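Peer 1: Sharing a structure here in structure tokens format.
The values are calculated or read from the model by the stated rules, or taken from the named source; none is laboratory data. Because the structure is a prediction, the values reported are computed rather than measured. We place every Cβ from the backbone using ideal geometry, glycine too, and count neighbours over all the protein chains shown. Surface areas here come from the heavy atoms of the whole protein model, side chains and all, with no ligands, DNA or RNA. Shrake-Rupley method; radii C 1.70, N 1.55, O 1.52, S 1.80 Å.
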Amino acid sequence: MENSDNGVNQNHINFASRQKSLSEVRSIEEINKNYYKPSSISPLQLSRILDKPESNISSLQDLSVKMTQLNGMLKEFINYKSLILTQDHYIFSSDSFRYKDKDAIWKDELKVAQYLEKFGIKTLMRWITKRLFQNGEVYIYKRETKDGMLIQEIPQKLCKMVMLDEFGIFRYGIDVSKISESQLDYFPEEISKAYIKYKNSKDKKNIKGFNGDYYVVGENGAGFQLNQWESKGLPYYLHLFSVLLNLSDAETLDNENNKLDNYKLLYQQLLHDEKTGKMQIDADVAGAYHEAIKSTLPKGIGIVTTPMKLDSITLGDGKLKGYEHVNNIKKSVYDNAGISDDLFNGNAKTKEAIMLSSIIDTLVPIEIQGLVEKWLNYELRQKFKKGGWKVKFLETSHYNKQNAIKTERENLAIYGSKKKYLATQGFSPLESLNILYSESILDLEEYMTPMLTSHTISSDKAGRPEGTNKDGEISSSEG
């Protein structure tokens with residue numbers, strides 16, 4: 001009977017868990033609809049809010065989301081900057097002298113590598129970088145489970161930076177007064193409890209752990225932004241919005257000009273007296289003929305019926321000038337973005353010019369990489385008290401990756417780091433450790449002996465073996 005009851009209880013637990021999961025999914029959908037709203041703003045409206053961008057951060061972030069979705073140039077700029085680095089990294093002990101033997105340090109390093117693997121660092125880094133370029137700020141909350149790690153984004157419209165701690169990490173507050181009770185399932189338990197505490201408090205100005213309406217999130221929360229001393233961040237490519245909207249208008253005008261260039265108009269002049277201008281046909285009859293002709297015309301051909309003479313007047317230099325105007329705006333976009341148009345348009349001048357441009361393009365992503373590195377090192381500091389374990393990112397990009405691998409391979413000859421060499425090849429710390437350990441156990445070197453060459457045939461000394469000529473052929477013996 002007891003086993004039967006346990007089975008029923010387990011069924012109830014499974015059902016409740018599924019309902020909770022469904023509730024969380026619905027809550028996520030609601031949050032996305034409420035806090036991540038694409039917005040359309042006219043050039044005139046944009047010029048007004050750009051007079052005071054710090055007072056219109058929410059509107060500008062909404063516009064950035066919309067333009068990232070619909071504007072191909074801005075979307076590719078953000079993707080390019082977010083994906084240019086390979087996010088290669090390795091771990092090391094900054095206090096390795098505390099370890100007395102190899103087994104102890106090996107055991108701890110394995111634990112650190114396994115812990116870091118839960119973060120999915122490379123994917124996480126690209127996502128954080130993309131969000132920073134898009135919104136200018138990103139707020140995360142670490143939710144650790146038995147089997148993995150969930151890095152949850154907290155809506156930026158609810159948050160602001162409240163402090164920069166001694167470890168160089170931004171801590172943020174969340175305005176719980178803007179959260180509705182139906183959305184609580186979306187937020188971590190810490191924030192849900194803060195909401196309930198705020199709601200039930202009579203003196204909302206003096207609640208412990210609060211800064212006004214903002215609850216100061218604990219050590220599981222961290223914020224990232226490029227404007228170090230600002231409480232809120234602005235979209236990185238904010239300065240491009242006006243010119244991108246102008247480009248959209250210019251392209252629309254160019255499309256209209258193309259339609260006009262291919263549009264045909266039939267001119268039907270009514271019979272009239274040349275001297276008096278009096279029509280010699282009844283207006284109803286003229287209208288009937290006009291409609292009869294109009295009904296048979298295909299798309300792209302129109303008709304006008306009038307007793308008056310028509311003349312064509314063209315303002316401007318026509319199609320070529322409009323085409324050049326669009327190209328000039330596009331060039332202005334690349335110049336303002338600080339990105340070489342050679343990378344996207346295929347108008348490469350020299351390989352050296354593109355390489356130099358790609359180096360410059362990595363500077364801001366490297367800065368973002370440094371912010372995340374500080375946060376990860378704080379997490380390691382809290383999790384592992386012994387050894388001073390740290391993660392180190394390499395400044396490798398898709399452009400210099402092969403050179404970095406070559407450099408580290410050469411460094412191995414003069415006691416370079418094997419872990420750093422494996423990192424440049426894209427292996428995570430956990431992968432590197434397992435590769436080194438398993439290959440050592442398997443003794444792969446025994447099965448991968450060097451190929452026989454003029455330098456490896458002789459076991460006594462380097463060079464060509466005795467009794468061979470310069471081509472490696474056995475020379476005839478004398479006597």
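Peer 1: Of all the residues that make up the range 40-60, how many are in contact (Cβ under 8 Å) with a residue 40 or more places away in the chain and part of a helix (DSSP H, G or I)?
Peer 2: 8
Peer 1: A follow-up question, please. Testing residue 168 on (1) at negative phi; (2) surrounded by fewer than 22 Cβ atoms within 10 Å (Cβ to Cβ), one condition comes back false. Which one is that?
Peer 2: (1)
Peer 1: Which of the numbered conditions does residue 138 fail, given that it passes all the others? Conditions: (1) of a type outside the set (Gly, Ala, Ser); (2) assigned to a helix (DSSP H, G or I); (3) within 20 Å of residue 362 (Cβ to Cβ).
Peer 2: For residue 138, the failing item is (2).
Peer 1: Can you confirm whether residue 197 is farther than 27 Å from residue 117 by Cβ, basic (Lys, Arg) and assigned to a strand (DSSP E or B)?
Peer 2: no
Peer 1: Residue 479 versus (1) at pLDDT 55 or above; (2) open to solvent by 100 Å² or more (accessible area, probe 1.4 Å); (3) assigned to a loop (DSSP other than H, G, I, E, B): which is the lone unmet condition?
Peer 2: Status for residue 479: all satisfied but (1).
Residue by residue, here is whether (1) more than 28 Å from residue 63 (Cα to Cα); (2) acidic (Asp, Glu); (3) more than 19 Å from the chain's Cα centre (by Cα) holds:
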site: 119; (1), (2), (3): yes, no, no
site: 131; (1), (2), (3): no, no, no
site: 143; (1), (2), (3): yes, no, yes
site: 147; (1), (2), (3): yes, yes, yes
site: 193; (1), (2), (3): yes, no, yes
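Peer 1: Across the range 68-87, what is the number of residues that are modelled with pLDDT under 85 and surrounded by 17 or more Cβ atoms within 10 Å (Cβ to Cβ)?
Peer 2: 2
Peer 1: Do we have any residue at all in the range 175-186 that's of a type outside the set (Phe, Trp, Tyr) and in a strand (DSSP E or B)?
Peer 2: Scanning the range 175-186, I find at least one residue that is of a type outside the set (Phe, Trp, Tyr) and in a strand (DSSP E or B), so the answer is yes.
So that you can scan it fast, the table gives a plain yes or no per residue for (1) in contact with a Ser or Thr (Cβ under 8 Å, 6 or more places away or on another chain); (2) under 30 Å from residue 223 (Cβ atoms); (3) modelled with pLDDT of 70 or more:
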residue: 284; (1), (2), (3): no, no, yes
residue: 302; (1), (2), (3): no, no, yes
residue: 315; (1), (2), (3): no, no, no
residue: 331; (1), (2), (3): no, no, no
residue: 343; (1), (2), (3): yes, no, no
residue: 352; (1), (2), (3): no, no, no
residue: 355; (1), (2), (3): no, no, no
residue: 362; (1), (2), (3): yes, yes, yes
residue: 372; (1), (2), (3): no, yes, yes
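Peer 1: Taking residue 196 and the conditions (1) among the aliphatic types (A, V, I, L, M); (2) farther than 26 Å from residue 81 by Cα; (3) crowded, with 16+ Cβ neighbours inside 10 Å, which numbered condition does it fall short on, given that it satisfies the others?
Peer 2: (3)
Peer 1: Checking residue 104 against (1) assigned to a helix (DSSP H, G or I); (2) in contact (Cβ under 8 Å) with a residue 24 or more places away in the chain; (3) over 30 Å from residue 234 (Cα atoms): exactly one of these is not met. Which one?
Peer 2: Result: residue 104 passes all but (2).
Peer 1: With the requirement that a residue be under 23 Å from residue 235 (Cβ atoms), among the charged types (D, E, K, R) and free of Cβ contacts under 8 Å to residues at least 40 places away in the same chain, what does the range 141-164 give you?
Peer 2: 153
Peer 1: Which of the residues belonging to the range 128-137 are surrounded by fewer than 23 Cβ atoms within 10 Å (Cβ to Cβ) and in contact (Cβ under 8 Å) with a residue 24 or more places away in the chain?
Peer 2: Once the filter is applied, which keeps residues that are surrounded by fewer than 23 Cβ atoms within 10 Å (Cβ to Cβ) and in contact (Cβ under 8 Å) with a residue 24 or more places away in the chain, the range 128-137 yields 128, 130, 134.
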